[in-house]
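To keep things clear, I will list the structure first and then write my remarks on it.
Read the figures in this text as sums done on the coordinates, not as results from a lab. Here the structure is a predicted model, which is why all the values come from computation and not from measurement. Heads up, the Cβs are rebuilt from the backbone with ideal geometry, glycines too, and the neighbour counts pull from every protein chain shown.
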Ligand SMILES: Nc1ncnc2c1ncn2[C@@H]1O[C@H](COP(=O)(O)OP(=O)(O)OP(=O)(O)O)[C@@H](O)[C@H]1O
Ligand SMILES: [Mg+2]
């Protein structure tokens with residue numbers, strides 16, 4: 001069994017799955033609860049975050065009948081960034097076999113990036129190894145060579161953001177098995193190996209943030225987090241339509257469309273005024289125009305990032321979108337039009353047991369966390385390393401410094 005949690009700005013999502021050797025992960029339950037302690041992906045209230053997580057996990061326990069004590073936790077915050085780095089070492093025994101110690105040594109050296117004290121490495125992703133000049137090696141152990149190079153991508157977050165996450169979990173006695181940037185978790189379940197090989201962009205448009213990650217040659221390469229998301233659209237609807245945030249949210253989720261192009265003329269909906277004591281008729285076209293304007297702004301920000309990362313001619317695998325805003329009808333077409341690449345919605349795949357209602361783009365990271373746990377447990381199993389893997393999970397408990405493992 002493994003539990004995946006995704007700590008979002010608007011909601012916490014949780015998934016519980018059964019892991020059996022040689023079989024697809026069997027998802028036994030998925031649920032979500034409102035998140036009240038975050039702003040733009042950052043925890044700003046530990047008590048409220050802890051309560052939101054507890055509410056979500058109680059629901060998961062009620063659904064599955066399984067008690068939850070620990071979870072793989074996905075998170076993101078507006079301060080996350082990725083740094084590419086490489087390191088080279090001389091293999092212990094020149095001309096002989098590369099041992100696990102050599103791999104560990106070169107990886108340690110590659111993630112050794114000088115950071116200010118308020119920043120911490122939360123993940124290192126191995127991109128490739130180069131053995132005596134031969135590129136593209138995924139695992140160098142057992143190969144013969146004298147010079148071992150590693151290329152890694154390191155994900156860096158604010159130390160306080162990670163500590164606040166651990167603090168929130170501690171409040172409710174939840175043990176964090178691993179704390180992972182949630183785009184890496186979503187990628188586990190929505191991206192196809194072929195897409196990751198040729199170059200694909202994963203875009204998560206959540207409530208408080210928009211995250212974009214580029215994958216190529218089978219691995220993660222870059223990520224950027226933008227401090228805007230669906231709440232930006234909702235807030236603008238509320239201001240322009242002179243209504244409350246909650247009413248604007250209802251209108252967006254029930255009648256919202258990503259572009260007026262998809263709206264029939266003449267359709268109107270009733271909107272409560274800000275005091276909640278009267279209603280007004282507003283055309284669905286006007287609502288779509290407001291939403292589209294904000295989406296175009298978010299797309300401009302994404303395009304600027306893609307240009308600065310040099311991605312405009314590097315994503316033959318196209319774009320996969322996740323996050324709640326992917327549910328807006330017409331979103332795929334609008335993004336295709338703005339960014340000029342084929343777009344599809346990423347829903348959790350390569351797992352079974354997940355019913356239609358939960359097979360939605362905002363559950364990608366929570367379900368992906370279970371898939372991530374399964375992959376790592378089974379890898380450890382394959383390498384007769386199961387006990388070591390379990391020890392690793394134990395050790396990671398509450399200690400932020402151990403995140404480097
Ligand atoms: N059916 C829908 N149509 C349009 N928007 C929707 C719909 N359902 C949810 N949303 C929007 O999706 C957003 C929430 O998405 P999601 O759950 O992915 O965000 P989050 O993970 O809580 O936030 P973040 O990832 O930014 O920290 C909200 O802005 C919400 O209004
Ligand atoms: Mg999210």
| Taking a ≥ b ≥ c as the square roots of the eigenvalues of the Cα gyration tensor of segment 7-87, is the shape rounded (a/c under 1.5), prolate (a/b larger than b/c) or oblate? | oblate
| field | Cα-Cα pairs of segment 230-288 separated by more than 18 Å (percent) | value | 25 percent
| field | Volume per residue of the C-alpha convex hull in segment 54-212, rounded to whole Å³ | value | 156 Å³
| Net lengthening on full extension, residue 66/residue 267 (0.36 nm per residue, minus Cα-Cα) | 67.7 nm
| To the nearest Å, what is the center-to-center distance of segment 228-249 and segment 307-372, using C-alpha atoms only? | 24 Å
| What FRET efficiency would be calculated for the residue pair residue 244, residue 143, taking the C-beta separation as r and a Förster radius of 45 Å, to the nearest 0.05? | 0.10
| request: Work out, step by step, the length gained on full extension between residue 359 and residue 254: first 0.36 nm times the residue separation, then minus their alpha carbon distance; give nm to one decimal. | output: 35.9 nm
| message | Testing the spin-label approximation: label points 7 Å from Cα along Cα→Cβ at residue 20 and residue 172. State their distance in nm. | response | 3.0 nm
| field | Bins of 10 Å from zero: percent of alpha-carbon pairs in the chain | value | 5, 21, 31, 26, 12, 4, 1, 0, 0
| field | Beta bridge orientation in the chain: antiparallel %, DSSP, nearest 5 | value | 75 percent
| Extended-chain gain in nm, criterion 0.36 nm per residue less alpha-carbon gap, residue 192 and residue 44 | 49.8 nm
| Under the rule of -39500 (n - 2.57) per DSSP H run of 4 or more residues, summed and divided by the residues of the chain, what mean residue ellipticity at 222 nm is obtained, to the nearest 500 deg cm²/dmol? | -11500 deg cm²/dmol
| request: Would you compute, for the Cα atoms of segment 333-381, the largest minus smallest coordinate along each principal axis and list the three values in descending order, in whole Å? | output: 45, 25, 14
| query | What is the distance in Å between the Cα centres of segment 87-160 and segment 161-181? | reply | 27 Å
| request: Using a Gaussian network model of the chain whose springs link C-alpha atoms within less than 10 Å, name the residue from 88, 122, 332 with the highest mean-square fluctuation. | output: 88
| note | Of 100, 316, 193, the most mobile residue in a GNM of the chain (C-alpha springs, cutoff 10 Å) is 100
| message | Only Cα pairs within less than 10 Å get springs; with that Gaussian network setup on the chain, which residue of 357, 177, 102 has the largest fluctuation? | response | 357
| On alpha-carbon atoms, Rg over Rh for segment 44-143 using Kirkwood Rh? | 1.16
